[in-house]
């Protein structure tokens, strides 16, 4: 004998990604504040640029993967791998563009930018993994409930 359960699936992906984004922003703003106190405004600007890079690249890619996983679960792994590759490429191109623009020589500190990217990425990954592992995601979908077969008792036909 089995017990029927009502399966209610709530899509928790956006909540996890919003918390991870908030955590990454908090780490970045904290590092910008510390940078401003310790090394001046160029450190704060560098940390803010690094934080903006992390949030834009990771949030954009993660929300795209989450949407694909919701609409077409079978394509989620392929899109996740492609998105990761594009995130690495986007981060590299952003660093090249920032270096060539002269911002790092004039108004932003290179070390604080790199530190904010590393700290923001670490904060993002830790929060996303911690929250995602606490979700109750079924290993498979049971589908709609099938009608129960009825058994006729003797004499009830």
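The values are calculated or read from the model by the stated rules, or taken from the named source; none is laboratory data. This one's a predicted model, so the numbers in the text were calculated from it and none came from an experiment. So basically every Cβ, Gly included, is an ideal-geometry build from the backbone, and we count neighbours across all protein chains shown.
Here are some residues: 82, 113. Which one is over 22 Å from residue 30 (Cα atoms), at pLDDT 90 or above and surrounded by 13 or more Cβ atoms within 10 Å (Cβ to Cβ)? I'd like the intermediate steps shown before the answer.
Values: 113 fails: over 22 Å from residue 30 (Cα atoms).
Exactly one of 82, 113 is over 22 Å from residue 30 (Cα atoms), at pLDDT 90 or above and surrounded by 13 or more Cβ atoms within 10 Å (Cβ to Cβ), namely 82.
Taking the stretch 45-62 as the search range and keeping residues that are surrounded by fewer than 18 Cβ atoms within 10 Å (Cβ to Cβ) and out of contact with any helix residue (DSSP H, G or I) (no Cβ under 6 Å at 6 or more places or on another chain), which one is farthest from residue 112 (Cα to Cα)?
It comes out as 60.
Would you confirm whether or not the stretch 69-78 contains a residue that is surrounded by 19 or more Cβ atoms within 10 Å (Cβ to Cβ), touching a residue at least 40 places away in the same chain (Cβ under 8 Å), under 20 Å from residue 130 (Cα atoms) and in contact with a helix residue (DSSP H, G or I) (Cβ under 6 Å, 6 or more places away or on another chain)? First the steps, then the outcome.
Going residue by residue through the stretch 69-78, those that are surrounded by 19 or more Cβ atoms within 10 Å (Cβ to Cβ) are none.
Scanning the stretch 69-78 turns up no residue that is surrounded by 19 or more Cβ atoms within 10 Å (Cβ to Cβ), touching a residue at least 40 places away in the same chain (Cβ under 8 Å), under 20 Å from residue 130 (Cα atoms) and in contact with a helix residue (DSSP H, G or I) (Cβ under 6 Å, 6 or more places away or on another chain).
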